[in-house]
Amino acid sequence: MERLIIRGGTKLEGTIPVSGCKNAVLPIAVAAAILGDGVSVLHNVPNLTDVRTLRAVLEGLGATIKLKDSTLYIEPINHLEYEAPYDLVRKMRASIYVLGPLVAKLGKAKVSFPGGCAIGPRPIDLHIRGLEHLGAEVVVQEGYIYAQAEHLVGTEMYLTGQHGPSVGATANVMMAATLAQGTTVIRGAAREPHISDLARFLSAMGADIDGIGTSVLTIRGVKQLRGTEYTVISDDIEAGTFIVAGAITRGDVYVKGITPQQIPAISEKIVEAGVELDWDDNGVRVTTPREIRGIDVATAPFPGFPTDMQAQIMGMLCLASGTSIISENVHTDRFIHAAELNRMGADIMLDGGKAIINGVPGLSGAPVMASDLRAGAVLVAAGMAASGETVLSRVYHLDRGYEAIEKKLNNVGANITRVKD
Ligand code: UD1
């Protein structure tokens, strides 16, 4: 097990590059490996544990995959297997993305039912309902989802649940619908930038998709998808995390490789809190000339404020003047990081799906634990802003979604060392 030792009181200064978007690469690689009939080459792929886990899942299904630098080469699968076993799926929920494409391509799939995780129960009823709308027969038995259909058939469906649209269900159903007979209309589709990126990739493979970037996707089924070459968009959440890291250390950083259109709500809220963002064509300069003000934030599906940035903005608001309220509306149990921030001297109270944050003048380093990927990110940011030393354990969560995080931050002035237990 590895830990990060973060020596605090550092000010970040310089340029931080943003890597490719994890949540775009995962479904895109699945589409390339299962739906494509030719080799696909993906550029701007981050080197992350989640990408390696997905590679193992896809190789288990029969794909041949090579990752060189940040390019992923995916060979078409000739003798596709239809089973994604528990041992692989349990390592990463996004393995569920193989369900729709396998049914579309092979007519059957057996995929381990993903479990809950530290941020809540995370059901998959919408994935199942969407595939049933397309004519698949889906049964859950002995921990596995069995889905089959001789041919998927396009139809109209409404794919929103009690917490709004689902990123995963939209991706799964959209991928399946590309090879269905006839036209599928998904109303209430997720609009996250990575869903649009997946749709653009599928279009480059020969899929016929209208409404990209909107909540109504129209997919006309085609007979075959080809392999293609594609550059994945940059990671909006990694960019947001670096913006917060710059602000919380009162530094002067340039976050390179992100556009304002990818992070509308994050930019809006960061500026409302008093941080200055100066955009140009390649990225954004982040400075904090004034004190950070307390603000209220409510998470919501895109274009709302992303739940995946809730922990990081909470870290920043711990050091703001006044009181802030964060309402978590997407993953309502996602507050474990609050207790860890309180160990560092923050003043956060939880009340149902809300966190009430009273700003404090400073944080102090402490031993803390990453409970999930984004919780890990906020603890690194808070550790850099705190006095003294923070020791972050369960770093493997962080490595799932941030490429070379300590290297990137140390390049701009952080003092972070990775040690083995
Ligand atoms: C994706 C992201 C994750 C992010 C989340 C919300 C990936 C690999 N992961 O996860 O980082 O936090 O979007 O932006 O892209 N829901 C249901 N039934 C379903 C599916 C979801 O009720 O069948 C609920 C969920 O419990 C949650 C909400 O819908 O409350 C949104 O979840 P969803 O968008 O599906 O998240 P994921 O795709 O799992």
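The values are calculated or read from the model by the stated rules, or taken from the named source; none is laboratory data. What you see is a predicted model, and the numbers here were worked out from it, not measured in a lab. Cβ placement follows ideal geometry from the backbone for every residue including glycine, while neighbour counts extend to all protein chains displayed.
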* Looking at the stretch 106-120, which of its residues are at pLDDT 85 or above and crowded, with 23+ Cβ neighbours inside 10 Å? -> Ala109, Val111
* So which residues in the stretch 347-369 are surrounded by 18 or more Cβ atoms within 10 Å (Cβ to Cβ) and either assigned to a strand (DSSP E or B) or among the acidic types (Asp, Glu) (or both), if there are any at all? -> Ile348, Ala355, Ile357, Val368, Met369
* Check Leu88, Leu102, Leu67 and return the single one that is away from the ligand (no atom under 13 Å from the Cβ) and not in a helix (DSSP H, G or I). => Leu67
* Please work out which one of (1) within 17 Å of Pro301 (Cβ to Cβ); (2) part of a helix (DSSP H, G or I) is the condition Ala177 fails and give its number. => (1)
* Structure fact -> The one condition Glu137 fails out of (1) under 16 Å from Tyr97 (Cα atoms); (2) more than 16 Å from the ligand (Cβ to nearest atom) is (1)
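Test Val271 against the stated conditions and say whether it is within 30 Å of Val185 (Cα to Cα) and more than 16 Å from the ligand (Cβ to nearest atom). Can you show your working first?
Numbers: within 30 Å of Val185 (Cα to Cα): no; more than 16 Å from the ligand (Cβ to nearest atom): yes.
So Val271 fails the test.
Any chance the stretch 217-233 includes a residue that's among the polar types (S, T, N, Q), buried (at least 17 other Cβ atoms within 10 Å of the Cβ) and within 27 Å of Leu102 (Cα to Cα)?
Step one: of the stretch 217-233, the residues among the polar types (S, T, N, Q) are 218, 224, 228, 231.
After this cut, where a residue has to be buried (at least 17 other Cβ atoms within 10 Å of the Cβ) as well, the list is 218, 228.
Subsequent filtering for residues that are within 27 Å of Leu102 (Cα to Cα) retains 218, 228.
Scanning the stretch 217-233, I find at least one residue that is among the polar types (S, T, N, Q), buried (at least 17 other Cβ atoms within 10 Å of the Cβ) and within 27 Å of Leu102 (Cα to Cα), so the answer is yes.
Given Glu137, Glu142, Glu132, which one is free of Cβ contacts under 8 Å to residues at least 24 places away in the same chain and at positive phi? Show your work before the answer.
On the way: Glu137 fails: at positive phi; Glu132 fails: at positive phi.
None of the other options fit; the residue is Glu142.
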* How do the pairs read when you match residues in the stretch 403-421 that are surrounded by fewer than 16 Cβ atoms within 10 Å (Cβ to Cβ) with residues anywhere that are assigned to a loop (DSSP other than H, G, I, E, B), using Cβ under 7 Å and keeping only pairs 6 or more apart or on different chains? -> Asp421/Met1
* Asked: Yes or no: His163 of a type outside the set (Ser, Thr, Tyr), in contact with a Cys (Cβ under 7 Å, 6 or more places away or on another chain) and either without any contact (Cβ under 8 Å) to a residue 60 or more places away in the chain or within 12 Å of the ligand (Cβ to nearest atom) (or both)?
  -> no
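Considering the stretch 145-160 alone, what residues qualify as being away from the ligand (no atom under 16 Å from the Cβ) and either closer than 24 Å to Phe201 by Cβ or without any contact (Cβ under 8 Å) to a residue 40 or more places away in the chain (or both)?
From the stretch 145-160, those away from the ligand (no atom under 16 Å from the Cβ) are 146, 148-156; that's our starting set.
The answer is Tyr146, Ala149, His151, Leu152, Val153, Gly154, Thr155, Glu156.
Among the candidates Val330, Val380, Val297, which residue alone is within 15 Å of the ligand (Cβ to nearest atom) and in contact (Cβ under 8 Å) with a residue 60 or more places away in the chain?
Working: Val380 fails: within 15 Å of the ligand (Cβ to nearest atom); Val297 fails: in contact (Cβ under 8 Å) with a residue 60 or more places away in the chain.
Of Val330, Val380, Val297, the one residue that is within 15 Å of the ligand (Cβ to nearest atom) and in contact (Cβ under 8 Å) with a residue 60 or more places away in the chain is Val330.
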* Asked: What number of residues within the stretch 48-64 are crowded, with 20+ Cβ neighbours inside 10 Å and either within 16 Å of the ligand (Cβ to nearest atom) or part of a helix (DSSP H, G or I) (or both)?
  -> 7
